[in-house]
1. Have a look at 259, 304, 275, 243 and point out the one that is of a type in the set (Ser, Thr, Tyr), touching a residue at least 12 places away in the same chain (Cβ under 8 Å), within 19 Å of residue 330 (Cα to Cα) and buried (at least 17 other Cβ atoms within 10 Å of the Cβ).
2. Given the conditions (1) surrounded by fewer than 16 Cβ atoms within 10 Å (Cβ to Cβ); (2) part of a strand (DSSP E or B), and given that residue 177 satisfies all but one, which numbered condition is not satisfied?
3. Pull out all pairs, ordered by first then second residue, where Cβ-Cβ is under 6 Å, the residues are six or more apart or on different chains, the first lies in the stretch 29-51 and is without any contact (Cβ under 8 Å) to a residue 24 or more places away in the chain, and the second is among the basic types (Lys, Arg).
4. Can you name the condition, by its number, that residue 329 falls short on among (1) touching an Asp or Glu at 6+ places or on another chain (Cβ under 8 Å); (2) crowded, with 17+ Cβ neighbours inside 10 Å?
5. Of all residues in the stretch 193-219, which are buried (at least 20 other Cβ atoms within 10 Å of the Cβ) and either basic (Lys, Arg) or without any contact (Cβ under 8 Å) to a residue 60 or more places away in the chain (or both)?
6. Mind listing just one residue for me: the one in the stretch 167-206 that is charged (D, E, K, R) and over 30 Å from residue 94 (Cβ atoms) and, of those, modelled with the highest pLDDT?
7. Output the residues belonging to the stretch 223-240 that are crowded, with 17+ Cβ neighbours inside 10 Å, under 27 Å from residue 288 (Cα atoms) and either at pLDDT below 95 or under 25 Å from the mean Cα position of the chain (by Cα) (or both).
8. Please go through the stretch 132-151 and pick out each residue that is in contact (Cβ under 8 Å) with a residue 12 or more places away in the chain, under 20 Å from residue 230 (Cα atoms) and outside any loop (DSSP other than H, G, I, E, B).
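The values are calculated or read from the model by the stated rules, or taken from the named source; none is laboratory data. Just so you know, these numbers come straight off a predicted model, no measurement behind them. Note that we place each Cβ from the backbone using ideal geometry, even for glycine, and neighbour counts take in every protein chain shown.
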Amino acid sequence: MKRITFLLCAAALLGTLTSCHRSMDDSPNVSVILDQSRTLVVTTNTPADLTYEGETFKNTTHAVFKNASAKGKLNVTPRSDMYFGQEDMAVDFYDKSLVAINVQLVKKPTISVSQEDAKSGIEVTNDKENQEATGVTAIISVPESTEITGSTADFTITTFVPAMTVLEETEEGAEVEASVLVIRCTPDGASFNPPITVKLHIPNSTGLDLVCRYADDATEEVPMVDLGDDWWNVTLSHFSDWYNILKAKVISRTPGEEYTMASVEVKEGNNPISYKVKCGGIETSTSKCLLVTNFIEEEYGLYYEFTKDATLRSDSPGVINYCVIQPYEDIVYRSRLCIFSVRVFGEPTIEIINTRPGKLDGHSGGAGS
């Protein structure tokens, strides 16, 4: 399995950080205790029951699982029977404490075409609502001479974004691939001789390196032909869930850190504080391509801002100036003719800048990055 590695913050994740500066002899001696518990955030596009390792949030589009298991199964059951469910999705935090997942539930198709009508020249398309939800137009064309076996049911087609949490370790120069779009063709198991054509219009996708697989973990690939103007052709020998795979290469990695300064007045003993942190990856280029967005979410999880808790343990009253450090890496990818970039966030830490006795002058709180 794969995971993100952040070299800059590895040592700081081990637990307690101790004050490294003392402004005067009677200043408080302060240590920082970070909340190391794991948090899983799940969002959906329609109300659903969300269950992770026995804990359930009912009839919601947003759930926060606190103290989450390091590994587990996520089940998403839509409240409406007009949608397909998502069962037993594997979640693995690896060495992270924050993970966010966006699950796009697929609405069942409203357009179906009989096999006879399809062979007579009527195209099979995804309905308008599905096109608006994914930004993709999908069209099946079946020549009259096609031999169809395996099923006599009507044809349908829908597109959706796969819900996965693969956290990729991508060294510079590494070849990377991710499932970025699924084409669901029914009836499952219908076979065609010769193969039939599916045409896809995917905005801002021209020039990407794409292939098609009938299962996410299959090795056999079907080429996707770039027709230009964001249109693609793929020939399918049978119906199933066909995964569109985006392939890319890491061409550079640049580490960095974001800083937020804050001051707080403390008493002797434990003092709770909260601070804002980020997780996942966010595109920093301007591709405006759905497939690039999906690539980033599969590799690094959904970009999300959390509020985390920590404790400042002080041996006397006083004022603490501290810094929240959010490490990141800026990663640049090339996919055939296209270049895109992403900022990937690592585990946050808190460092004590200085301490002093007395009370705050003015207000407390954070100042920008």
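1. Details: 259 fails: buried (at least 17 other Cβ atoms within 10 Å of the Cβ); 275 fails: within 19 Å of residue 330 (Cα to Cα); 243 fails: within 19 Å of residue 330 (Cα to Cα).
Every option except 304 fails the conditions.
2. (1)
3. As it stands, the answer is none, since no pair meets every condition given.
4. (1)
5. First pass over the stretch 193-219, keeping only residues buried (at least 20 other Cβ atoms within 10 Å of the Cβ): 196, 198, 200, 202, 205, 208, 210, 212.
If the condition is that a residue be buried (at least 20 other Cβ atoms within 10 Å of the Cβ) and either basic (Lys, Arg) or without any contact (Cβ under 8 Å) to a residue 60 or more places away in the chain (or both), then 196, 212 are the ones that fit.
6. Of the residues in the stretch 167-206, the ones charged (D, E, K, R) are 168-169, 171-172, 175, 177, 184, 188, 199.
After this cut, where a residue has to be over 30 Å from residue 94 (Cβ atoms) as well, the list is 188, 199.
Numbers: 188: 93, 199: 97.
By that ranking, first place goes to 199.
7. 224, 230, 232
8. Applying the first criterion (in contact (Cβ under 8 Å) with a residue 12 or more places away in the chain) to the stretch 132-151 yields 133-144, 146-151.
Next cut, under 20 Å from residue 230 (Cα atoms) only: 133-141.
Passing the criteria: 133, 134, 137, 138, 139, 140, 141.
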